[in-house]
Amino acid sequence: MKKAVFLILSIFLVLSVFPLIANGAKEEGASASAGPVVLKISNGINEKHPSYLAAVRFGEILNEKLPGRFEVQVYANAQLGDDVRATEATQMGTLEMVCTSASPLVGLVSDFMVLDLPFIFPSEKAADAVLDGAVGKALAAKLEPKGLKLLAYYENGFRQLTNSVKAVQSPADLAGLKIRTMENPIHLAAWKALGANPTPMPFSEVFTAMQQHTIDGQENPIPTIFLSKFYEVQKFTSLTGHVYGPHILLMNKKLFDSFTVAEQKILMDAAQESALYQRKLNRQMNTDYVTELRKNGMTVTELTPEQLKAFQDAVQPVYTQFGDKIGKELIQQVMDITSKVK
């Protein structure tokens, strides 16, 4: 009798424990077989642009440092939405990452407007000093409560003017020209101050609009001008360098916070390494592609210091107009930093 009872209890114990063991094995197996974390990065530019290539390099660096932990997928040509939509998606967490211009961030943190002021950056080195220093770090910190983690500042670069009408050497030459700009209040004000007729338009519509002469010209960095083949529908380029723009690599903040401290450091380091790669590549393209634009029939006008000063003087009212909104102390801080860069 005792043996029968003991046998029954033993069988019951085995049957009770077995599901727990099986379930534990299943959970362990699921964890072990779990795939890498997919990081989709949205880009508005094409696959040959330095910012796209740097995002790919970011993925390569992560794979070197943490094999199999992350799978970086880079999307070009606004496949996941334009800068505004992709930035909103990253903020909400429906997209992991975006490489965007600064303009969509202005509505979240007004301090980013300082980057749009015309001629505030006299050189690429001056821009590096601002963005890699205290100002860049302060801007990044203000995005975090908005749900975005800034990983690195890439470079879009100095914006240059193209048009199909005439060589532009002075603000007077801009009178009446329809120039496509981003939907950006500072950019619009600057082009009005210069005498042009600024026309906001999505980037995806610009080539066709120039081809059909709906607009006379546009303004973008040299790599964008060349890689978008604007030389097919534009005759003249003027190297005005009126605005320096960064491309900004962002990740959803909650996603970033979900990683270990060690992983977060590797993500940040990989982003910074890819940013140095991106800037070097972008600056080389700026030089090379001016030559290529000339080879493709464009007249490229390089402004003298006196001619450039005429443009700088013409946009000074923009600083007065937006000074209070941006913050005069912030503007002065940026100018103090750039003035020390040789």
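The values are calculated or read from the model by the stated rules, or taken from the named source; none is laboratory data. Bear in mind that the values here come from a model prediction, so they are computed numbers and not experimental data. Don't worry about glycine lacking a Cβ; one is built from the backbone with ideal geometry, like all the others, and counts go over all protein chains shown. Remember, those area values only see protein heavy atoms, side chains included, never the ligands or the DNA or RNA. Shrake-Rupley method; radii C 1.70, N 1.55, O 1.52, S 1.80 Å.
Give me the one-decimal nm value for the distance between modelled label points at E144 and E302, 7 Å along each residue's Cα-to-Cβ direction.
4.4 nm
Using a probe radius of 1.4 Å on heavy atoms only, what accessible surface per residue do you get for segment 240-282? Whole Å² is fine.
Averaged over the residues of segment 240-282, the accessible area is 40 Å².
If each residue of separation counts as 0.36 nm, what is the full-extension length gain between H213 and K229 once their alpha-carbon separation is subtracted?
Between H213 and K229, full extension yields an extra 4.2 nm.
When the accessible area of segment 140-273 is computed with all protein chains present and a 1.4 Å probe, what percentage of it is carbon and sulfur?
54 percent
Using label points projected 7 Å from each Cα along Cα→Cβ, tell me how many nm separate L239 and Q264, to one decimal.
4.3 nm
As a test of the formula, what do you get for the chain when each DSSP H run with n ≥ 4 contributes -39,500 (n - 2.57) and the sum is divided by the residue count, at 222 nm and rounded to the nearest 500 deg cm²/dmol?
About -16000 deg cm²/dmol.
Considering only protein heavy atoms, what is the solvent-accessible area of F259 at a probe of 1.4 Å, reported in Å² to the nearest 10?
Its accessible surface works out to 10 Å², give or take rounding.
For segment 136-286, what is the Kirkwood hydrodynamic radius in Å, using each pair of distinct C-alpha atoms?
One over the average 1/r among Cα pairs gives 17.3 Å for segment 136-286.
Roughly how far apart, in whole Å, are the Cα centres of segment 304-340 and segment 138-174?
15 Å
Taking 8 Å as the Cα distance limit and 6 or more residues as the minimum spacing, I'd like the relative contact order of the chain as a percentage.
For the chain, the relative contact order is 23 percent.
Compute the distance from the alpha-carbon center of segment 236-302 to that of segment 180-217, in whole Å.
Their Cα centres are 22 Å away from one another.
Work out, step by step, the length gained on full extension between Q312 and S164: first 0.36 nm times the residue separation, then minus their alpha carbon distance; give nm to one decimal.
Using 0.36 nm per residue and subtracting the Cα-Cα distance, I get 51.0 nm.
Give me the orientation-averaged projected area of the Cα convex hull of segment 296-342, in nm², one decimal.
5.4 nm²
Mind ranking D111, D324 by accessible surface for me, highest first, 1.4 Å probe?
Greatest to least solvent exposure: D324, D111.
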